[in-house]
Each structure stands twice: as C-alpha cells, then as structure tokens.
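The values are calculated or read from the model by the stated rules, or taken from the named source; none is laboratory data. Quantities reported herein were computed from a predicted structural model and do not represent experimental measurements. In this analysis, Cβ positions are derived from the backbone assuming ideal geometry, glycine residues included, and neighbour counts consider all displayed protein chains.
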Amino acid sequence: MSGESNRPHPAENPTGDSREPTTYQVYPTGQPVTPATADPGLGQPPAGGLVDQSSSAGTGPWTQPAQPVVPWDAADPVQPPAGSRQVVVVRRRRRWWKWLTGAAVVAAIALAVPIIMIDTDDAGSDTQVRWPWWREPAIVAGAEPGADFADDFLPQGEFRNADLTGANFEGAKLDSAHFSRANLTQTNFTGALLESARLNRALLGQADFTRANLEDAILRRATGDQVIFNYAQLDSANLVEAEFTNSQFTQANLDEADLTRANLSGSDLTGATLEEADLIEANLQGANLSNADLSDADLKLANLDGVTWDGARYSRDTVWPDGFTVPDTLILVD
C-alpha cells in the first residue's frame, strides 16, 4: 500500500544530496521497493530494493534515505501509513540550460546594439560609438578625393575616416556632420554650415574654413598647418589639444571656445574675439594677437613667448600665467 503527493515534504531532502528532489513516495517500513510497487514513470530500481545513488555502485533515479523521515505536515490531506519511511526520488540538476540562455542573451545584445567603447577623442560625451561591421554607418555616396559637394544639403552626413583631400564643400549644409579622423587636407569649406559638426582628429592641413559656421563644433585633436579660419564662427567650439600651427584666425569668433592645450604657435589671430575663452596651457608662441579681444579669457600656464599684442584688449578678469607682465601695448577694458 502506498500514498503519493506532489507537495514537497518539510524534511526537504533527508539524504543531504545536493540534487533537487522532484517526487516523493511513501512505503510501509520494511517493505522493499520492487517493480510492482515503484512508480513506472520513474523507471525501476534493481531487484532487491533500493540503491543509494550517492555511492559508486548506485544506478537509476532512486536513493535511500539515511534516517527515518519526519511526519508529513498535518495539514496535508494525504498521510503516510503508521511507521512508514520516505523514498526521495531525485534528479541531477540540469545546468546546461543556463549556459544556453546566457549565450542567447549575449547574441541578442550583439545583434541589437552597437559596441560601445570609451574614447576620449569624442569630446562632449567622451564616448565614441564603434559599430559592428554589419551595422557600420554608410558613408555619403561619392565621398572621395576631389569630390564636389558645393551647396549640398547634408546635415548629419557620415564622412568619418573618409579621404576627402581637395574636396569642395563650399556653402554646404553640414550641421552635425561626422568628419572624425577624415583626411580633409586642402578641402574647401568656405561659407559652409558646420554647427555641432565633429571633426575630431581630422587632418586639416591647408583646409579653408573662411566664414564657415563652426559653432559648438568638435575639433578635438584635429591637426593641420596653415589652416584658414578667417571670419569663421568658432564660438563654444571644442579645440582641446588641437594643433593649428601657422594658421589664420583673422576676425574669427572664438568666444567661450575651449582651447586647452591647443597649439596655435605662429598663427595670426588679428582681431579675433576670445572672450571667456579657455586657453589653459595653450601654445601661442609667436602668434599675432593684435587687436584681439581677451576679455575674461583664461591663459593660465599658456606659452606667450614672442606674442604680438598691439591693440589687444583684456579685462580685470583675464587670467594670465604666473609671473607674466602685461605689456603696455594691451588695452584694459572695463
């Protein structure tokens, strides 16, 4: 005679086995489990009764409790016969499904989102998105050396890593366009709209940005000799660690621009406005700042050797390098 219940017993697994109990059966004390009394859905134990599965000789899904089992909960509607013992049927825990689930999650993430890597070259967020090859943003068609995009409407255009040597973007609408690491040597951006565009680490040798709008643009670590920014709008632009040697910034607007550690040595900034600009550790050696406006600018630790100051303006809040003597050619404005 036997009683069965799918309800877990309070004793849990009395054998101390680390495997998870799945079915409980109760048989009278002293009565061996035989093929006639065992649950056929769980397979049959060997002839002669129960086998301890924890031993090296154990086989099948059966195990023998080491100690008498405590009574079932009194609230259980099915009660064992008096003096009965419990047979705990256990299964080895299946762990392989956890590995499969984890692998599926990783695969789904790889397919659904870009691979994010920290890269301080992209200023502002300091994060650069590097896409997997199957989701690489498409470069604008025709982006090649000497290409002609004059007056084209290309906001958010994708040009990163492209070779655009000698290309023509005169008057083009390129707001928020992406030129990171592109080769823009001798490229013409005269009058182009490049507000919030990204040109970090771009090669800009002899490029022409005359009257271009580069407000809030990112030129972090961009490099180039003899770059032309005459009359360009560079207010609030990021030029951290940019290198524009021997370049032209005549009448350029650099108000609130970040030029920390930028190298503008030998450049012409005649009449440029640099109000509240950050020039900490900037290299202005041999630069021409005649008639420039440096009101509230921060030039702490800047290299000012050989700078031409004729008619340049500054305010009481302009910060100079320690020990720097303000030349008489500068004009203090209130």
Here is a check on your reading of the model: is Leu259 modelled with pLDDT of 95 or more, more than 19 Å from Ala182 (Cα to Cα) and crowded, with 24+ Cβ neighbours inside 10 Å? yes
State all residues of the range 289-334 that are under 40 Å from the mean Cα position of the chain (by Cα), outside any loop (DSSP other than H, G, I, E, B) and under 13 Å from Gly271 (Cα atoms); if no residue qualifies, say none. Asp293
Among the numbered conditions (1) buried (at least 20 other Cβ atoms within 10 Å of the Cβ); (2) touching a Gly at 6+ places or on another chain (Cβ under 6 Å), tell me where Thr273 comes up short. (2)
Which numbered condition Pro327 fails, given (1) more than 19 Å from Phe209 (Cβ to Cβ); (2) buried (at least 19 other Cβ atoms within 10 Å of the Cβ): (2)
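Each row is one residue, and each column tells you yes or no for (1) farther than 19 Å from Val333 by Cα; (2) modelled with pLDDT under 95; (3) buried (at least 23 other Cβ atoms within 10 Å of the Cβ).
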{"position": "Ala277", "(1), (2), (3)": "no, no, yes"}
{"position": "Asn291", "(1), (2), (3)": "no, no, no"}
{"position": "Ser295", "(1), (2), (3)": "no, no, no"}
{"position": "Lys300", "(1), (2), (3)": "yes, no, no"}
Restricting to the range 238-249, give me the number of residues that are out of contact with any Asp or Glu (no Cβ under 6 Å at 6 or more places or on another chain) and not charged (D, E, K, R). 5
Here the qualifying pairs (Cβ atoms under 6 Å; residues six or more apart or on different chains; first in the range 169-187 and hydroxyl-bearing (Ser, Thr, Tyr); second buried (at least 24 other Cβ atoms within 10 Å of the Cβ) and at pLDDT 95 or above) come out as Ser180/Arg198; Ser180/Asn200; Thr187/Leu164; Thr187/Ala167; Thr187/Ala207
